[in-house]
1. Taking a quarter of the surface of the convex hull around the Cα atoms of the stretch 59-157, what do you get in nm²?
2. For the stretch 92-150, what is the convex hull volume of the alpha-carbon atoms per residue, in Å³?
3. Give me the dipole magnitude in Debye, nearest 20, for the stretch 73-182 about the Cα centre, with unit charges on the beta carbon: positive for Lys and Arg, negative for Asp and Glu.
4. What is the sum of charges around ALA171, taking Lys and Arg as +1, Asp and Glu as -1, for the other residues whose C-beta is under 11 Å from the C-beta of ALA171?
5. Counting only residues 5 or more places away or on other chains, whose amide H sits under 5 Å from the amide H of SER531 once H atoms are built in the peptide plane?
6. Under a 5 Å amide H to amide H cut-off, with H placed in plane at 1.01 Å, what residues pair with PHE45 once short-range neighbours are removed?
7. Would you grab the residues whose amide H sits under 5 Å from the one on TYR522? Only those 5+ places off in sequence or on another chain, please, with H modelled 1.01 Å from N.
8. So what J values fall out for the stretch 455-463 if you push phi through Karplus, 6.51 cos²θ - 1.76 cosθ + 1.60 with θ = phi - 60°, rounded to Hz, Gly and Pro as x?
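The values are calculated or read from the model by the stated rules, or taken from the named source; none is laboratory data. All values reported here derive from a predicted model rather than from experimental measurement. Here the Cβ positions follow ideal geometry from the backbone for every residue, glycine too, while neighbour counts run over all protein chains shown. Only protein heavy atoms, including side chains, enter the accessible area calculation; ligands, DNA and RNA are left aside. Shrake-Rupley method; radii C 1.70, N 1.55, O 1.52, S 1.80 Å.
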Amino acid sequence: MHKQLLSASTAVLLTSGVLAGKPSLPRGVAPEDAKLYVPSASKTFTCLTNPSITIPFASVNDDYCDCPDGSDEPGTSACSHVSYGKLGIRGFYCANQPGHVGGYIPLSRVNDGVCDYELCCDGSDEWAGVGGVKCENRCSEVGEKVRKLLGERGRIRNEGAEKRRELERRAAEIRKGLEDEVKALEGIIKSLEFQVEELNAEVKTIEARERAKAVKAGKTKVKGKERVNVVKEVVEGKIQELKTALERVREEEKGARESLVEAEVILKGLKDTYNPNFNDEGVKAAVRKWDDYVAAGKSVGLGKRSDAEERDLDELISGEGIDWDDLMPEEGEGEVPEIYKIEQYLPEGIRKWVHQKLDEARQFMVDNGLLAEYIPPDTHEPKAVTDAKARVATVQTDLTAKRNSLKNAQSELSIDYGPAEVFRPLKGTCISNPFGEYTYEFCFFEKSYQRSLKDSSSSFLGDHKRIEIVDTNMSDKQKGIVFETDDVEELHEEKLAGVVLHYDGGARCWNGPPRSAKVELYCATENEIRSVLETEKCVYTYEVGTPAVCKGEEGAEEAMKSQVRDEL
Ligand code: MAN
């Protein structure tokens, strides 16, 4: 909380500059925090993050730790035992003038008899001259070095940022290509689906045509059951046609019969009621013809077809068809020429022996060209049908391939490749570096391995699973807090960018979890592995440089400020 207070006060003090450089500023306090060290009217000081504790202002920097947060001893090492989490101040402030920028040093390094030039180039941390140590001011020299270093970093960032922009451009191109591919594939798939439908219909037509041809030509090409099936289909079709026609004719006949009965009733009435004394030739002729018609036995009278006749017709129309199963040949029946079945007619007891002898004789005749070799009859479908089916299969294969390509393109488009998809063009780019007993290898958005340098063994560390953007403001290193470190080399290293690639599902660790890796990225002009640590058993942390996370000038200024404060 106090750390926020400090930064809030920074703005006020930097703009006003009121207290900067005033003699009342306690040792170890940055000008920007001067406001926090103004004595109260009663000349007291209240611990910064423990407001219940108030001490005389004279106790500030008296080399005795009064405040649990160490805020009363910003200029001595008296509160150096206070843990980082409880500390209410950033450390001892070194102004580092002239030639450099101010920075903090941990309280434990104040008056420890060592000149900590990398953090406090003005030597002010050894103000007490413990053990006779006197630290000269080297800020012009250190400032120059740091400026060079930061200048170099800025150059790298800018170069990296240019490459990052190029990666983003390529990512957009790849995306566009994939989107175009998806559109094109969707069109092609529709048309192939249509073609498959059409070709399937064509197969059906050709099959029907070929079947009809085979039956019409009475060809023996169609064999056994297949032949019965073909005949069945044709005969049943014909029977159905006849049944329908018979039913129609029966209906028509019924109507005609009724009309005829009606006409006969009229004519009979005419004959019974006409007056023969009228010399009407027309009527007389009609009556004569009616008599001839009746005499010839043509009259239907009121008669109908007999019930038996009607039943026969009903039976014909709705009756069961042919029992085709009875007509089906047994397996193999009709497929082997008679000459090959001689032994079947022999008595059971000697059939086996004869069979063997016949086989030998048959083979002898075949071998000597006396008998053609028995080749099972070709039960294959007609070529036209095979060809039509092959056309379907070809288009179907193409369709399956296109559907797979579409799926791949769509899933490729759905992968999270980070901001502006900057990692998209890097997918599959692999880098490796030896550390300790192993060469560590990882491929962007693919796999990671640990390969032994002693033998040919290697362990799979996992597949790329996800990308994580870490809020760098949350990391301690980014807060501007000084860490105790003896590694001066770290000064030269670029900070992590807050982008982490996660790999998991690797080879199972003996008595442990499947191996996994975390790839923490920093800005670099080329892809490189800076370090790999096995941070927990079978959990590996890579530090990898890549232009993909370089912010260039946009990020440089802010990073420079924090780095100078953090690292010096
Ligand atoms: C191998 C390596 C090590 C790992 C052990 C665990 O030796 O993968 O990194 O710690 O296996 O048994």
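1. Projected over every direction and averaged, the Cα hull of the stretch 59-157 covers 7.1 nm².
2. 64
3. Using only the charged Cβ atoms, the result is roughly 220 debye.
4. +4
5. GLU543
6. Distant-sequence amide H within range of PHE45: ILE55, PHE57.
7. Excluding prolines and chain starts, which carry no amide H, the hits are ALA497, VAL544, GLY545, THR546.
8. With the stated coefficients, the stretch 455-463 comes to 9, 8, 6, 8, 10, 7, 9, x, 9 Hz.
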